[in-house]
Structure formats: structure tokens, C-alpha cells
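Enquirer: What follows is a structure written as C-alpha cells; I'll ask about it next.
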There are 2 protein chains.
Amino acid sequence: MRGAVIHAPGDVRYEERADPTIVEPTDAVIRTVAACVCGSDLWRYRGISSVPKPTPIGHEYVGVVEEVGSSVTSVRPGQFVVGGFLTSDNTCAVCRKGALANCLHRTGYDGCQAELIRVQNADGTLIATPETPADDLVPGILSLSDVMCTGWHAAVSADVRPGSTVVVVGDGAVGLSGVLAASQLGAERIIAMSRHASRQAIATDFGATHIVAERGDEGIAHVLDLTDGIGADSVLECVGTTESVTQALRAARPGGQVGWVGVPHDPEFPQQHMFWANVGLRGGPAPVRAYLPDLLERVWSRTIDPGRVFDLTLPLAEVADAYAAMDERRAIKVLLQP
Amino acid sequence: MRGAVIHAPGDVRYEERADPTIVEPTDAVIRTVAACVCGSDLWRYRGISSVPKPTPIGHEYVGVVEEVGSSVTSVRPGQFVVGGFLTSDNTCAVCRKGALANCLHRTGYDGCQAELIRVQNADGTLIATPETPADDLVPGILSLSDVMCTGWHAAVSADVRPGSTVVVVGDGAVGLSGVLAASQLGAERIIAMSRHASRQAIATDFGATHIVAERGDEGIAHVLDLTDGIGADSVLECVGTTESVTQALRAARPGGQVGWVGVPHDPEFPQQHMFWANVGLRGGPAPVRAYLPDLLERVWSRTIDPGRVFDLTLPLAEVADAYAAMDERRAIKVLLQP
């Protein structure tokens, strides 16, 4: 088969690789229907994370089951499936507490931007759709593999409830998904912080009631203007920089809650402010499998269309162009088709 | 009247001061029945916080109302009252959200280790007992002025629920109150981290099911032994040092929650761990007035006896000895009587 391999910063190649096989009885091998590039993949592409050797890349996918190991019972060959960016057994002590991204037996993938993918812990990771989805549902289902569940995790971690006032920091695919999540969870006011017209438009379609284009002190001032001068009940932090985490903590009202899902680069943030303002912070990698049944139902019933975050579709063979498009911010998120 | 004034680190004097008076129509003046020394008062006593000039000190009290301002309606002269370590109006936009410690009009006190105390925002701060309490109830009610509500806030912030497994870091008056709070909130296992026999005994009486005497890596290893190898659902951080906050974050299971109420000295803690382990952190100064009705009822009905944290009673005139006793850890917490 062929798949994407990152050789060095800026150097992603589509090349011949060995076909994955069933190694453990809990494995499945799926044939990819669609994959995509994650903002976190760009870290290596941009040289922020190191690339010590050529490495298969990608961790978001949907596909059709080719083969399953002898102990797999929840999916079978021929089914259309989606799984999260980490595998989970959904049975260990941590999974039973609901923190499936921290499964004691979790694994990553040997590159999902590929024609075939080995999925470990198949029973605890994959979920099959009721039938083969219509083509227009595929992007939405693919988004559940990471960004939509991550945005949902931000909203859950930020304690969004019916009637909440919410700020979303970050207008990438995760931030936009966070807007959609907050809306689905019943937020009354959703303030999307975004400076890009095309992203503002999606945010508004996803349920944002206000757009704040300013950043830093001006952005905070604008948020306070919109929130009785006190800040938001819930803030979704979907970037991961010192600036964005600080902005999120400052945008929360006293006693408010920040859900952070932006992978932290260099976490330096105002802990004294957190304490004295009674602002909570929780989040991390999303427990995708825990959210999948509910969110798949919302996508399948066409209640939500999170696939709108994909604004460019390319053949998988052009994966290098996909990275370039996202790196240069020409695309919010690129869908890849084998 | 007379009251405590801190002149410099290690130098607390009981001296003549001007009687407080009604300044605003929302004020009350109360005659102190009991006051006490807070762990945070020791910061200045120990020179960790500066003492730029002689300053009246103390912020925990119960007493009898002497006089109220013209707009005060909820308490009247002669009533026995308790209030929190900060005043709150209980009507502003922040108070309406429940974050009363962050009231937009909050104030501190001009020294509560004194015979008379001016209480600003009296209606939003004070709560009267049903009648004058029996002497043996006074310590418990006094504890609601700070430590018991602070321990309760730790447990609420740590999301303690029926059936939770809880770790409490810190065996001072707040930590012990946190044990009691966790027990009242239905925790199934409560692991108190303590190396002092007398404090272990109170912790056990307050509901601790396990004692861990080790600290650092050994302490974490012992906690893991007691929690299926994964850590606790909820951790109450009741100290405020880098070591204790780090220990608390590491004692939480993936997806767990830390409630922090130890005033942070030098907050440097493992933020990457917080993110990757999905461990939340929230807390800060307790919204005392929000918790008072419930907790006063529990004390009044003798359901709980949080006053047990007072293990030394001194005349207010001997306030300097009270500071020394707490500084030297000869007492957990000292009750002062005018």
C-alpha cells in the first residue's frame, strides 16, 4: 500500500509502505475511505517537534473494515467505521472512569494518512455506522475522529450548560467544532474570537452569536463588554499557546471554567489569576470513543454537520500539498481521499 | 477597644485601637465572641509576605451584633452572627453566579482579632444563628468563618460525589475540614496524607478511611496502591506550595479533578501533566456566604463538629502566643476569646 511519511520538517512524502496486518487478536485492519491532516501534525511539519527519522503520519480516519483479529466482536469486515486519534480498550480502570484518551492500554497509529490502517484495541476504539454512509456524510463522520470530539471535549471540560455564556478562543477546525458543541449543549451566547471572514462565517453558522476580532487586552475588553463586565461562564481554549491560554483564563468570569484542548506548546500561564479568580482549568486529549455514539447519532440524523470544517479535498497522493495548504493557512482542514 | 496589630514579622501586639463605627449604611459593627488565627496570617508573621507598616490583623470571627447601618435588614443588634473572611454583597453579577469570594464589591476587614469588628456589606456577608448558641457550638460556628468553608470549597471544586475516592493533601485545619467535607459529600474512600499522629486521629474521626504518611514519590506510590493503580477521582490541595500542588496533581487519576484552596506561594506545577492526564484544577478563595446556610445547619444540628480543629484556646490578649503556637506547630489552630 501507499501512505504518507514525514522525513523532515516540510518534507512529507506519499510512498510505498508494507501492508498492515493483524498482529494481536484485538486488532482490525481497515481500508481508508477518508483521512485528514491535524493541526498537531503541523508541529513536526513546521519543525516545532523533531522528526528523528522518517515516520508514517496521521491519526484521523474513516474506512471499511478489511479484517479483524480473532477476539474482535464489535465490528466485522465490510462495515464502515470511525475511530479516535488514540486507541482505547474501553474496559480498563481508567476507561471505566470515562477517561478513554488515557486508557491504560492506549496506542497511537502507524500512520493513518494511508490506504490501509492497523487499529489496535478495535473493540474499544471503533464504532460502525448503521450502514454505509452517503458521500455527503463522510466528512462529518471523519471529523468525529478528532476535531469534533475535541471541540466537544473542550465544551464539556468548560462545563457548558443550557443558558451558558461561552467564549471560544481559536478559529481553527477545533475551535469551530467547539462553537458547534457549545451550541448543541445549549449555550445562550457564544462569542467566537476570530479575525478571518471565512471562519467567522462558519462560526456563525455553527451557532456563534457574537464575533470578537480583537486579541489581547482589546479582545478581553470586548468580551467583558458582551458579558455584563464580568467574563464568560465557560471558555474553550482551542490553540495551546501561552497567549491563548492566558486569554482564555482572563476571558472567564470569576468562578468560571476553561476547557483546554489546544495541545500546549509552552505552558506559562497566570496561575495566581486562576486561584484568586476561582477560574478552573481542565481538559486534554478527548476521550473520543466515549463521545462517539452520541455524536455519530447527531451527524447521522443530520442534526449537525461538523464536516463543514473541511474546506479543501485532495487525493491522498497529494498529501504533501495538504500539509502546505494548512501550513500556509490556505485551508482550515484538508480531507484526503485514497 | 483592643485588638491585634502586626508590626513586623514575629511581632504581633495586642493594643488599644479606635472603636470601629458604622461608616456606610450597609455596615454592621459586632462585638467579638471568638476569633482565630489563620494559616495565611502566618505568612506575614513569618516574613513571607511583607509588613510595610503596623496593620490590624485577622479575618475570622463570630460575635454579637452591636449596631447596624440604616439599610441593613437581615441582621439586627443582639443576634449572634458569623461571616466569612471576605465580605460580599450577594447581589452583584458575580455573586449571582455563586462566586461570592469574588464579589465585585468585596472587602476585607480592618482586623478581626479584636474586641469589635466593622463588617461591610453586612446583609450579604453575615448570617445569624437561630438563637444564641451553646458554648460548645461556638468553635464549630467559628470554623465556618474560613477553614470549614474552605475545606468544603476544596471538596466541591474537586467534584467530590457519592462514591468518590478522595485524597486530601495537607493536614492543617483546612485539610482536616476537607476530609470532613468529603465525608459529608458521600466519598467512599478518603485518603488523608498526614505525618502527625494527633492530626491523623482527627482525620480519622472526620471520615478518613486511610492515612498515607509518606510524601513525594513514596506518597504517590502509596496512593496508587490504594486506588487500583490509577489515582483518586478527587484530590483536595490544602497547602499551596509547589510540592503540594504537584503532589495533588499526580495523586489524581487520569480525568480526575484537583480542588485547590491552599493559597499559592510560588505556583510552579506540571501543566503538561495536567493536560495529558486530563486532570482538572479549580479552586481559590471560598464563597463562604454561599455555603453558610447549609453548613451552619449541619453544625447547629450537631451533624458535624468542625470546631475540633481548634486544639488550643487562649485569651485574645495573648494573641501573640497564639501566633507563636501555630508558627511552631504546637497547635493546629488557636481559638481566641476576648
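The values are calculated or read from the model by the stated rules, or taken from the named source; none is laboratory data. Just so it is clear, the model here is predicted, and its values are computed rather than measured. In this analysis, Cβ positions are derived from the backbone assuming ideal geometry, glycine residues included, and neighbour counts consider all displayed protein chains.
Enquirer: Counting only residues that are surrounded by 22 or more Cβ atoms within 10 Å (Cβ to Cβ) and either of a type in the set (Val, Ile, Thr) or within 14 Å of chain A (Cβ to nearest Cβ) (or both), how many does region B:205-226 have?
Expert: Matching residues across region B:205-226 total 2.
So that you can scan it fast, the table gives a plain yes or no per residue for (1) surrounded by 23 or more Cβ atoms within 10 Å (Cβ to Cβ); (2) modelled with pLDDT under 95; (3) touching a Phe, Trp or Tyr at 6+ places or on another chain (Cβ under 6 Å):
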| position | (1), (2), (3) |
| --- | --- |
| A:248 | yes, no, no |
| A:259 | yes, no, no |
| A:265 | no, yes, no |
| A:273 | no, yes, no |
| A:296 | no, no, no |
| A:302 | no, no, no |
| A:320 | no, no, no |
| A:323 | yes, no, yes |
| A:329 | no, yes, no |
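Enquirer: Among the candidates B:165, B:150, which residue alone is touching a Lys or Arg at 6+ places or on another chain (Cβ under 9 Å) and under 30 Å from residue B:229 (Cα atoms)?
Expert: Values: B:150 fails: touching a Lys or Arg at 6+ places or on another chain (Cβ under 9 Å).
So the residue among B:165, B:150 that is touching a Lys or Arg at 6+ places or on another chain (Cβ under 9 Å) and under 30 Å from residue B:229 (Cα atoms) is B:165.
Enquirer: Does any residue of region A:67-82 turn out to be at positive phi and away from chain B (no Cβ under 14 Å)? It would help to see each step written out before you state the result.
Expert: Initial filter on region A:67-82 (at positive phi): A:78.
Next, only the ones that are away from chain B (no Cβ under 14 Å) stay: A:78.
Yes: region A:67-82 contains one or more residues that are at positive phi and away from chain B (no Cβ under 14 Å).
Enquirer: Taking the criterion of being charged (D, E, K, R) and under 30 Å from residue A:229 (Cα atoms), would at least one residue in region A:273-288 satisfy it?
Expert: Yes: one or more hits.
Enquirer: Between B:230, B:202, which is closer than 14 Å to residue B:170 by Cα and either buried (at least 18 other Cβ atoms within 10 Å of the Cβ) or in contact (Cβ under 8 Å) with a residue 60 or more places away in the chain (or both)? Walk me through how you get there before you give the answer.
Expert: Numbers: B:230 fails: closer than 14 Å to residue B:170 by Cα.
Just one listed residue meets the conditions, B:202.
Enquirer: Taking residue A:306 and the conditions (1) under 18 Å from residue A:82 (Cα atoms); (2) outside the structural domain of residue A:32 (by TED's automatic domain parsing), which numbered condition does it fall short on, given that it satisfies the others?
Expert: (2)
Enquirer: Okay, moving on. Take the residues of region B:161-199 that are farther than 24 Å from residue B:294 by Cα and of a type in the set (Lys, Arg): which is surrounded by the most Cβ atoms within 10 Å (Cβ to Cβ)?
Expert: B:199
Enquirer: Moving on. Give the residues of region B:22-37 that are of a type in the set (Val, Ile, Thr), in a loop (DSSP other than H, G, I, E, B) and surrounded by 15 or more Cβ atoms within 10 Å (Cβ to Cβ), sorted by residue number.
Expert: B:22, B:26, B:37
Enquirer: Could you look through region B:205-221, keep only residues that are of a type in the set (A, V, I, L, M, F, W, C), touching a residue at least 12 places away in the same chain (Cβ under 8 Å) and assigned to a helix (DSSP H, G or I), and pick out the one that is nearest to residue B:163 (Cα to Cα)?
Expert: Applying the filter and picking the extreme gives B:206.
Enquirer: If you go through region A:161-171 one residue at a time, do you hit one that is within 30 Å of residue B:158 (Cβ to Cβ) and either in a helix (DSSP H, G or I) or at pLDDT below 95 (or both)?
Expert: No: zero hits.
Enquirer: Would you be able to tell me the number of residues in region B:2-21 that are outside any strand (DSSP E or B) and farther than 10 Å from residue B:117 by Cα? Outline the logic, then answer.
Expert: Applying the first criterion (outside any strand (DSSP E or B)) to region B:2-21 yields B:9-10, B:17-21.
Checking which are farther than 10 Å from residue B:117 by Cα leaves us with B:9-10, B:17-18.
The qualifying residues number 4.
Enquirer: Select, from A:286, A:290, A:277, the only residue that is in contact with a Cys (Cβ under 9 Å, 6 or more places away or on another chain) and surrounded by fewer than 24 Cβ atoms within 10 Å (Cβ to Cβ).
Expert: Details: A:286 fails: surrounded by fewer than 24 Cβ atoms within 10 Å (Cβ to Cβ); A:277 fails: in contact with a Cys (Cβ under 9 Å, 6 or more places away or on another chain).
Result of the check over A:286, A:290, A:277: A:290.
Enquirer: Where in region B:229-338 are the strands (runs of 3 or more DSSP E), entirely inside, with at least 2 residues that are more than 19 Å from the chain's Cα centre (by Cα) and more than 14 Å from chain A (Cβ to nearest Cβ)?
Expert: B:312-315
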